[in-house]
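Chemist: I am attaching a structure below and will ask some questions about it afterwards.
The values are calculated or read from the model by the stated rules, or taken from the named source; none is laboratory data. Keep in mind it's a predicted model, so treat the numbers as computed, not measured. For the accessible areas, the whole protein counts, side chains as well, though only heavy atoms, and no ligand, DNA or RNA atoms are used. Shrake-Rupley method; radii C 1.70, N 1.55, O 1.52, S 1.80 Å.
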Amino acid sequence: MDKKTKMIKKVRIMADYQFGKGCGEILFSDDVTFQLSRTKRIRQIMIDGKRIATARARDGMFTLSMEAATAIHSHVPAPALRVTVCDDAVPFVSKGKTTFAKHVTSIDPGLRSGDEVIIVDENDKAIATGQLMLSPDEVEALDTGAAVDVRCGCEQ
């Protein structure tokens, strides 16, 4: 097995662990390219020069592009990996603005603080992706503060 095949297998396993079984195959086709750090660790995974995911340096977990979040969204059934926001917040969140706890109408109870999430509107349309800042219990209990640090929205 050559080096690229090993790296593809590795990122697929990591994606299956982080997002659920089958997500690695959906996200990373055989034509992906890798950008490595100075220490030869995988940093960015790209297809046709566009970033699909980035491996965080501190823990190796993936941060997603909007294209990758949309692909996972179509594969994973609701409410998994999702944070639903009210219609008032959709224009702001889709532009990449922070999602506040008071705007969250529902959240996957299996999430943990620090997880990569897909932010959806009331009709389950993916509008953004980001990192969950609070636990699901805290998001439901609090009316103030940031719930999701949005990385990118569908209108950016």
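Chemist: On the accessible surface of the stretch 10-148, probed at 1.4 Å, how many percent belong to carbon and sulfur atoms?
Modeler: Working: 3800 of 7190 Å².
Carbon and sulfur atoms account for 53 percent of the accessible area of the stretch 10-148.
Chemist: While we're here: Using amide H atoms built 1.01 Å from N in the peptide plane, name the residues 5+ places from THR105, or on other chains, whose amide H lies under 5 Å from its own.
Modeler: THR84, VAL85, CYS86
Chemist: Would you list which lysines come within 17 Å of LYS9, measuring only between C-alpha atoms, while excluding same-chain residues fewer than 8 positions from it?
Modeler: Filter leaves LYS21, LYS40.
Chemist: Further question on the same structure: Collect residues whose amide H, placed 1.01 Å from N in the peptide plane, falls under 5 Å from the amide H of GLY130; neighbours closer than 5 in sequence don't count.
Modeler: Residues meeting the amide H criterion: VAL117, ILE119, ARG151.
Chemist: Show which aspartates and glutamates lie in cross-link reach of LYS6 when reach means a straight Cα distance below 18 angstrom and same-chain residues fewer than eight apart are skipped.
Modeler: ASP16, GLU25, ASP30, ASP31
Chemist: Using a 1.4 Å probe, what is the accessible area per residue for the stretch 95-148, in Å²? Can you show the working numbers first?
Modeler: On the way: 2670 Å² over 54 residues.
Dividing the accessible area of the stretch 95-148 by its residue count gives 49 Å².
Chemist: Once phi is turned into θ = phi - 60°, what whole-Hz ³J(HN,Hα) does the Karplus curve with 6.51, -1.76 and 1.60 give for every residue of the stretch 67-83, x standing for Gly and Pro?
Modeler: With coefficients 6.51, -1.76 and 1.60, one gets 5, 5, 4, 5, 5, 5, 4, 6, 8, 8, x, 5, x, 4, 6, 10, 10 Hz.
Chemist: Something else now. Output wanted: per-residue J couplings in Hz (rounded whole) for the stretch 38-51, from phi through Karplus 6.51 cos²θ - 1.76 cosθ + 1.60, θ = phi - 60°, x for Gly and Pro.
Modeler: Computed from phi, the couplings for the stretch 38-51 are 4, 8, 6, 8, 5, 10, 10, 10, 10, 10, 6, x, 9, 5 Hz.
Chemist: Additional query: Can you list the HN-Hα couplings for the stretch 139-151, worked out from phi with the Karplus curve (6.51, -1.76, 1.60; θ = phi - 60°), rounded to whole Hz and with x for Gly and Pro?
Modeler: Values, residue by residue: 4, 6, 7, 8, 10, 10, x, 6, 9, 10, 7, 6, 8 Hz.
Chemist: For Cα extents along the principal axes in Å, which listed value, (1) 51, 28, 26; (2) 49, 38, 27; (3) 52, 30, 29, comes from the coordinates shown?
Modeler: Working out Cα extents along the principal axes in Å from the coordinates points to (1).
Chemist: Please go through the residue pairs LYS10/LYS102; LYS10/LYS125; LYS50/LYS97 and name each one whose alpha carbons sit more than 28 Å apart in this structure.
Modeler: Cα-Cα > 28 Å for LYS10/LYS102; LYS10/LYS125; rest within.
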